[in-house]
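Comments concern the structure below.
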Amino acid sequence: MINSQTLKGHQGRVWNVSWNPQGTMISSCGEDKNIRLWGKESFGNKFTAKAILSDGHQRTIRETAWSPCGNFIASASFDATTAVWDKRSGQFECNATLEGHENEVKSVTWSKNGQFLATCSRDKSVWVWEVGEEDEYECAAVINAHIQDVKKVRFHPFDNILASASYDDTVKLFKEDKAEADWINFATLKSHTSTVWSLAFDRIGSRLATCSDDATVKIWKEYKPGNSAGIPTPDNDSVWKCVCTLSGHHGRTIYDISWCHLTDLIATACGDDAIRIFKENPEAGDSDMVSFDLVHTEHRAHNQDVNCVAWNPVVPGMLASCSDDGDVKLWQIKLENL
């Protein structure tokens, strides 16, 4: 695992890094209330600073997310708002501010079709926003299913299914109920013994990886109605079961997890300053017996807590990370060595 580049510029901790869909730009955000955009030079593979978006928030920016088309960036802030930036004028400008949460907004995510935006907050709620034709954002649902701070939201890679991770030690899954014009909680995943910090779907959305303050990673599998394993599916809703727990690998809280849709590798960001890479063991046999091996640990990947890891969506084995140390780093995994 080679640290191919370190990107400096943020003041204070960097909370999040996110790739655009084309894998050519990175957005990073943090304590300094700025979003920095990094892009490739026209020659070579080096990334350089392209823009600083600094007038959208009054407090720490916790996360950014690129729309599926790559023309919009949503940013979630401790100022209780979510900003939406667009580049129709050639440069990204804030054209909408979504208000409603009572406390810090912790995470933001777009649906695959770009129709919905979801946010979550320390106020224990998950909000779903519908994107209108004129780029207007209307609140489609306020979901109060969690009983504690909600840390992360992620949409399914294909369907309008939303997953959330919480301080209440659970993960919840939501879907749109068109008959009721609302979003409903159809599954609650319980196995972690402490705060669930982050989650990531695999490439087809039939499995979900979660990471926690309990220093474990859990892999959950979807069982649809009529599944061959004979798992009951009440109300014709899919059932998600924990099929693998990865423990004993992390020294502290696991703050983030990313499941690569190109290589199927899983990367974790940990409070012990390390990045770890896991690979599925295909020799597990039975499809319900899932096993992952730790194939690489990058000790001292950063000088402080690693807050986020994100796989490039186009370049196999390229990973971005960020940390309390204020740095954004780019890594290249030697896939042939794994």
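The values are calculated or read from the model by the stated rules, or taken from the named source; none is laboratory data. Bear in mind the structure is a predicted one, so any value in this text is a computation, not a measurement. Positions of Cβ are backbone-derived with ideal geometry, glycine not excepted, and every protein chain shown enters the neighbour counts. Accessible surface areas use protein heavy atoms only, side chains included; no ligands, DNA or RNA. Shrake-Rupley method; radii C 1.70, N 1.55, O 1.52, S 1.80 Å.
When the chain is fully extended, how far beyond the present Cα-Cα distance does Ala181 get from Thr6, taking 0.36 nm per residue of separation?
Details: separation 175, 0.36 × 175 = 63.00 nm, distance 4.63 nm.
Going from the current span to full extension adds 58.4 nm.
What percentage of all Cα-Cα pairs in the range 194-257 are separated by more than 16 Å?
Details: 1016 of 2016 pairs.
Roughly 50 percent, rounded to a whole number.
Taking the Kirkwood radius as the inverse of the mean 1/r across Cα pairs, report the Rg/Rh of the range 240-335. Mind showing how you got there, number by number?
On the way: Rg = 13.6 Å, Rh = 13.9 Å.
Rounded to two decimals, Rg/Rh equals 0.98.
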Problem - Tally of Lys pairs whose C-alpha atoms are under 15 Å apart, taken over the range 142-292, 8 or more apart or cross-chain - result: 14
Handout entry: Size-normalised alpha-carbon gyration radius of the chain, reference 2.2 N^0.38 Å
Key = 0.94
Fill in the blank from the handout: The rounded separation in angstrom of the Cα centers of the range 277-317 and the range 1-62 is 23 Å
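Once you have a ≥ b ≥ c as the square roots of the Cα gyration tensor eigenvalues for the range 67-168, tell me rounded if a/c is under 1.5, and otherwise prolate or oblate according to whether a/b is larger than b/c.
Working: a/c = 2.01, a/b = 1.46, b/c = 1.37.
Note, shape of the range 67-168 comes out prolate.
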Practice task
Please build a GNM for the chain, connecting alpha carbons under 10 Å apart, and tell me which residue among Lys178, Lys124, Lys46 fluctuates the most.
Solution key: Lys178
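Using DSSP to define loop residues, name the chymotrypsin sites (Phe, Trp or Tyr not before Pro) in the range 8-54 whose beta-carbon has at most 13 other beta-carbon atoms within 10 Å. Let's see the in-between values first.
Details: sites: Trp15, Trp19, Trp38, Phe43, Phe47; in loops: Phe43.
Hits after loop and neighbour filter: Phe43.
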Problem - Within the range 103-201: Cβ-based charge dipole about Cα centre, in debye rounded to nearest 20 (Lys, Arg +1; Asp, Glu -1) - result: 680 debye
Fill in the blank from the handout: Of the convex hull drawn through the C-alpha atoms of the range 1-136, the volume per residue in Å³ is 120 Å³
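Please calculate how many Å² of accessible area the chain carries per residue, with a 1.4 Å probe and no DNA, RNA or ligand atoms counted. Let's see the in-between values first.
On the way: 14250 Å² over 338 residues.
With the other protein chains kept in place, the chain gives 42 Å² per residue.
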Handout entry: the chain, dipole about Cα centre (Lys/Arg Cβ +1, Asp/Glu Cβ -1), debye to the nearest 20
Key = 900 debye
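With +1 on each Lys and Arg Cβ and -1 on each Asp and Glu Cβ, how big is the dipole of the range 127-170 about its Cα centre, in debye rounded to the nearest 20?
Values: 3 positive and 10 negative charges, 83 e Å.
With Lys and Arg at +1 and Asp and Glu at -1, about 400 debye.
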